[in-house]
Amino acid sequence: RRTFIAGAAAAAPLLAFPAIRAHAASRISLKYGNNLPLSHPLNVRSHEAAERIKKETNGEVELNIFPNNQLGGDTDMLSQVRSGALDFFTPSALVLATLVPVAPINAVGFAFANYEQVWAAMDGELGAFVAAAIEKVGLHLLEKIWDNGFRQITTSSKPVNTPADLAGIKIRVPVSPLGISLFQSLAASPTSLQFSEVYTALQTHVVDAQENPLPIIQTAKLYEVQKYVSLTNHIWDGFLFVASGKTWKRLPDDIRTIVARAINESGVQQRQDIAKLNQSVQTDLQGLGMVFNKPEPQAFRDTLRKAGFYAQWKEKFGAEAWTLLEKYVGQLA
Ligand code: X2X
């Protein structure tokens, strides 16, 4: 009988008995935590991946999903996946930055112009560079990065048309030095909060603004506590499907192959879900009372450049990573 308990050694000698394996029922139980509501495509598709994994392993592997910050906020889940208490977590690269400083290179302000650039970079050399950095801290990045989307600013008070409109605005950003730096460089007043705290913080006006892709504004019902959406597209953000290195190493090869294939293929479908949602979500949010505007990005880019934002982050991320980013998005500063 093959057992799999986090923190314990695998019962390796028994793997040689396929007959035993065929009758095994959910002997390997894996925990996956995320910060999004059940209705978000990330959760819909990861449930599909879980079912596929169960089927393809004849019930031997169960991927148990804990959505919506059930296991704590991002910071908690990050330390859990590091220790091996959690087997999988899908942080935004912004959030992973506290552990892997180069991870959020994709989130440099106003870098990506469109999804063609995004997937070329993330499925290409930039993604490979980040994956190697993640591997070094004892986590394993699954190959396909899932889509969060282009981040947009929402406020309760007024639309943001120009950088001047951001002056002094209390805006929530993820727990992320890059997010803070971006909005400080735009003269706003950013505060880091875990996503689990965002709805209440907006409702009680601890902050008056936040920024997230439209599918999150919809599925997390932020339209209930925000009025204006300014389509700044200031950051492209993805969810990195990371495995605890301990878990990943301990999984038998055949299981690892099945798990990786199911998650990666569900990830590709999840990207398509977001692409499809992007065609309708604005109309849906308008129907719920939100008011949209589309600012000109150039003024924001100029403000950032003058504030030294690009120069500063080029130095922090390093020339090698920066050159890879610019290979896909063009020269930034
Ligand atoms: O916290 C956020 O804003 C979210 C949900 O987009 C991330 O996970 C970065």
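Any read-out appearing in this document is the output of simple, stated calculations on the displayed coordinates, not a laboratory observation. Everything quoted here is computed from the prediction, not taken from an experiment. Cβ atoms come from the backbone with ideal geometry, glycine included; neighbour counts cover every protein chain shown.
Brief remarks follow.
- Counting Cα-Cα pairs of the chain in 10 Å increments starting at 0 gives whole-percent bin shares of 6, 26, 33, 22, 9, 3, 1.
- Top positive-direction residue, dipole computed over region 184-333 with Cβ charges, set T232, V206, L324: L324
- FRET efficiency estimate (nearest 0.05) - Cβ-Cβ, A319 to E296, R0 45 angstrom: 0.90
- Tilt relative to the chain, helix 297-306 - C-alpha long axis, 0 to 90 degrees, to 10: 90 degrees
- Total charge dipole magnitude, the chain, about the Cα centre, Cβ charges on Lys, Arg, Asp, Glu only, Debye to nearest 20: 520 debye
- The alpha-carbon of K294 sits under 29 angstrom from the alpha-carbons of these lysines, leaving out residues fewer than 8 places away in its chain: K158, K170, K221, K227, K276, K306, K314, K327.
- Placed amide H near A188: partners under 5 Å, 5+ positions off or other chain: G168
- Projecting the Cα atoms of F292, N278, A262 onto the charge dipole of the chain, computed from C-beta unit charges around the Cα centre, puts A262 farthest toward the positive end.
- Backbone geometry of region 310-320 corresponds, through the Karplus equation with coefficients 6.51, -1.76 and 1.60 at θ = phi - 60°, to 3J(HN,Hα) couplings of 5, 4, 5, 7, 4, 5, 5, 6, x, 4, 5 Hz, x marking Gly and Pro.
- The packing ranking of peptides 232-244, 138-150, highest mean first, is 232-244, 138-150, where packing means the average number of other beta carbon atoms within 10 angstrom of each residue.
- Centre-to-centre separation between the Cα atoms of region 161-208 and those of region 234-281: 28 Å.
- Summing +1 for each Lys or Arg and -1 for each Asp or Glu among the other residues whose beta-carbon sits under 12 angstrom from that of W322 gives 0.
- Peptides ranked, highest mean first, by Cβ atoms within 10 Å: ranges 64-71, 245-252: 245-252, 64-71
- Taking amide H atoms as placed 1.01 Å from N in the peptide plane, the amide H of N233 lies under 5 Å from those of I153, each 5 or more residues away in sequence or on another chain.
- Per-residue 3J(HN,Hα) values for region 275-285, derived from phi via the Karplus relation 6.51 cos²θ - 1.76 cosθ + 1.60 with θ = phi - 60°, read 4, 5, 4, 4, 7, 10, 5, 4, 4, 4, 5 Hz in sequence order (x marks Gly and Pro).
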